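Asks: My questions all concern the structure below.
The values are calculated or read from the model by the stated rules, or taken from the named source; none is laboratory data. Just so you know, these numbers come straight off a predicted model, no measurement behind them. Because the Cβ atoms are built from the backbone with ideal geometry, glycine has one as well, and the counts that use them run over all protein chains shown. Quick note on the areas: whole protein, heavy atoms, side chains included, nothing else; ligands and nucleic acids left out. Shrake-Rupley method; radii C 1.70, N 1.55, O 1.52, S 1.80 Å.
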Amino acid sequence: MTITCKRMGPLAALLGLLAVLGGTPAQAQKTYTLKFNHVLGPKEPFHEGFLAWAKAVEARTNGGLKIQVFHSAQLGVEEDVIEQMRQGAGVGQNTDSARLGNYVPGMAVMNGPYFVETLDEVAKLRTSPTIAKWQDELAAKHGLKVVCFNWVQGYRNFFTNKAVRTPADLQGLRIRTPPAPIWQESIRALGASPVALAFGEMYPALQQRAIDGVELVYNNIPGGRFYEVLKFANETRHIMLLNFEVVSARFFDSLPPDYQKALVEECNNVGAQTSTRVLKLEDEVREQLRKRGMTIVQDVDIAAFRKAGEQAYQKLDLMDARRAVYADIGKQ
């Protein structure tokens with residue numbers, strides 16, 4: 001077939017040719033990039049999990065949504081990154097309900113002593129209308145979208161240079177915690193004096209004896225080489241640490257609906273897998289630390305610590321919030 005382009009401009013001729021061939025100009029796929037920050041090291045299970053999440057999302061969106069993962073707070077400290085999210089930047093942060101409780105106070109309850117203690121309880125939290133309401137408020141009023149919150153970093157324990165079996169054993173010890181009120185009050189209620197420090201400042205503070213210990217999960221210890229400056233791992237298991245994967249609400253709303261769905265569903269899927277792996281790794285890390293000379297204190301009076309922890313909920317007026325969530329998930 002011959003096409004006559006006489007008296008036709010270049011654009012009209014091109015469109016005419018495409019029409020004859022049965023085609024139209026292909027629209028380029030719009031791509032989105034999320035820069036995701038966390039404070040943990042590159043050898044931590046969570047970092048591997050975040051990379052797996054990024055791979056799953058990119059595959060599911062055919063490259064339309066890419067997640068770039070930054071370990072060791074390469075994009076900055078949590079509070080600064082969270083503020084960037086509130087302004088609409090395409091960044092995300094692995095954080096906790098303690099920090100989110102600075103915006104929606106009730107959310108802090110999820111970081112309280114012995115709030116949840118099993119992965120089954122964590123899974124049930126996703127069905128809580130109370131928590132869903134808090135998340136909606138966080139997005140609408142403060143610009144922070146919770147993608148998922150089922151990434152369990154493990155059980156927090158006290159790591160010190162003396163054995164700790166009861167709250168009385170923590171009296172007078174300066175223990176590093178994050179700066180949020182629920183962290184501070186929880187550690188104070190359990191018997192210690194809380195000291196707010198950034199994650200990266202802990203090792204030098206222990207060397208200089210500015211603090212007497214830390215409260216972390218087992219998997220943090222090898223990466224931070226804390227076994228070099230601490231002698232005892234005291235299994236108080238006082239907080240089952242739930243981590244929240246949070247992005248800018250404005251960025252999330254800019255994504256196509258299927259991209260939003262992929263981001264959320266893959267976050268939950270990989271989070272559940274990573275949490276299971278983390279808890280299994282605790283046994284291995286415990287033995288590694290024992291071989292490196294640390295003493296593992298397991299005969300801890302958990303009942304005494306549980307009772308002491310109630311003071312944190314009372315001090316921060318979180319008793320009603322806890323009762324509401326417990327009623328939602330059927331926990332006594």
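Asks: (1) open to solvent by 50 Å² or more (accessible area, probe 1.4 Å); (2) under 28 Å from residue 129 (Cα atoms): which one isn't true of residue 239, the others all being true?
Replies: (1)
Asks: Let me confirm something: among 184, 153, which residue is more than 18 Å from residue 303 (Cα to Cα) and crowded, with 22+ Cβ neighbours inside 10 Å?
Replies: 153
Asks: Taking region 49-66 only, how many residues are free of Cβ contacts under 8 Å to residues at least 40 places away in the same chain and open to solvent by less than 20 Å² (accessible area, probe 1.4 Å)?
Replies: 2
Asks: From 168, 132, 163, 139, which residue is of a type in the set (A, V, I, L, M, F, W, C), open to solvent by 10 Å² or more (accessible area, probe 1.4 Å) and assigned to a loop (DSSP other than H, G, I, E, B)?
Replies: Being of a type in the set (A, V, I, L, M, F, W, C), open to solvent by 10 Å² or more (accessible area, probe 1.4 Å) and assigned to a loop (DSSP other than H, G, I, E, B) holds for just one of 168, 132, 163, 139, which is 163.
Asks: Now for a different question. So which residues in region 296-323 are of a type in the set (A, V, I, L, M, F, W, C), surrounded by fewer than 18 Cβ atoms within 10 Å (Cβ to Cβ) and within 25 Å of the chain's Cα centre (by Cα)?
Replies: If the condition is that a residue be of a type in the set (A, V, I, L, M, F, W, C), surrounded by fewer than 18 Cβ atoms within 10 Å (Cβ to Cβ) and within 25 Å of the chain's Cα centre (by Cα), then 319 is the only one that fits.
Asks: I would also like to ask the following. Within region 274-332, track down each residue that is closer than 20 Å to residue 235 by Cβ and without any contact (Cβ under 8 Å) to a residue 12 or more places away in the chain.
Replies: Correct list: 280, 283, 284, 287, 290, 291, 303, 307.
Asks: I'd like to verify a number: residues in region 211-227 that are open to solvent by 50 Å² or more (accessible area, probe 1.4 Å) and either within 25 Å of residue 106 (Cα to Cα) or in contact (Cβ under 8 Å) with a residue 24 or more places away in the chain (or both), how many?
Replies: Adding up the residues that qualify gives 1.
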